[in-house]
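A short worksheet on the structure shown next.
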Amino acid sequence: MSIEIKINKNTMIVSETDEKGTIIYANDDFCTIAGYKKEELIGQPHNIVRHQDMPKVAFEDLWKTIQSGKVWNGIVKNKTKSGDFYWVNATAYQSKTQDGKLRYISVRVCPTEDEIKSAEALYKTLN
């Protein structure tokens with residue numbers, strides 16, 4: 001059975017991917033919470049931390065939203081390297097490098113208990 005890893009209110013998980021969703025940057029909080037070394041995350045698809053309880057439709061909505069240039073926000077259940085899980089309030093958006101290459105940035109913070117309960121109820125209806 002997996003264990004919930006609670007992130008604290010001072011944690012800010014930040015990652016950046018290329019246009020295909022491959023991780024090109026991961027901050028220390030991301031590495032610590034997910035249980036990976038930075039070198040293990042860089043070059044991997046961001047879905048390396050996707051938890052099986054997350055409905056595919058949620059990520060389809062995320063990609064559709066950020067590819068259109070809009071900001072996406074939602075409550076996400078991620079998995080750690082060891083198979084445990086953690087909840088985040090995620091915001092993702094499109095950006096460009098100085099030379100015009102598309103990239104995506106995601107900032108994740110601690111969700112409230114009510115946000116987690118609402119997300120769990122919603123995800124049960126979508127799975």
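The values are calculated or read from the model by the stated rules, or taken from the named source; none is laboratory data. Please read all numbers here as calculations on a predicted model, not as lab measurements. Please note: Cβ atoms are built from the backbone with ideal geometry, for glycine as well, and neighbour counts cover all protein chains shown. Surface accessibility is based on the protein's heavy atoms, side chains included, excluding ligands, DNA and RNA. Shrake-Rupley method; radii C 1.70, N 1.55, O 1.52, S 1.80 Å.
Things to note:
- Hey, SER15 within 15 Å of the chain's Cα centre (by Cα), small (Gly, Ala, Ser) and farther than 23 Å from ALA121 by Cβ or not: yes
Yes or no, residue by residue, for (1) open to solvent by 60 Å² or more (accessible area, probe 1.4 Å); (2) touching a residue at least 40 places away in the same chain (Cβ under 8 Å); (3) at positive phi:
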| site | (1), (2), (3) |
| --- | --- |
| GLU40 | yes, yes, no |
| LYS64 | yes, no, no |
| ILE75 | no, yes, no |
| ARG103 | no, yes, no |
| VAL109 | no, yes, no |
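- Test for ILE24: is it within 16 Å of GLN94 (Cα to Cα), among the hydrophobic types (A, V, I, L, M, F, W, C) and not in a helix (DSSP H, G or I): yes
- When residues in region 78-98 are screened for being of a type in the set (Ser, Thr, Tyr), part of a strand (DSSP E or B) and surrounded by fewer than 17 Cβ atoms within 10 Å (Cβ to Cβ), 3 of them pass.
- Residue match in region 47-54 (condition: surrounded by 11 or more Cβ atoms within 10 Å (Cβ to Cβ), basic (Lys, Arg), out of contact with any Ser or Thr (no Cβ under 8 Å at 6 or more places or on another chain) and not in a helix (DSSP H, G or I)): yes
- Residue among ASP114, ASP29 that alone is surrounded by fewer than 12 Cβ atoms within 10 Å (Cβ to Cβ) and either touching a Pro at 6+ places or on another chain (Cβ under 9 Å) or of a type in the set (Asp, Glu) (or both): ASP114
Quick grid of which residues meet (1) over 16 Å from THR17 (Cα atoms); (2) within 11 Å of the chain's Cα centre (by Cα); (3) of a type in the set (Asp, Glu):
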{"position": "VAL71", "(1), (2), (3)": "no, no, no"}
{"position": "ASN78", "(1), (2), (3)": "yes, yes, no"}
{"position": "LYS81", "(1), (2), (3)": "yes, no, no"}
{"position": "TYR86", "(1), (2), (3)": "yes, yes, no"}
{"position": "ALA92", "(1), (2), (3)": "no, yes, no"}
{"position": "ARG108", "(1), (2), (3)": "no, yes, no"}
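- Meets criteria (out of contact with any Lys or Arg (no Cβ under 8 Å at 6 or more places or on another chain), assigned to a helix (DSSP H, G or I) and open to solvent by less than 60 Å² (accessible area, probe 1.4 Å)) for LEU122: no
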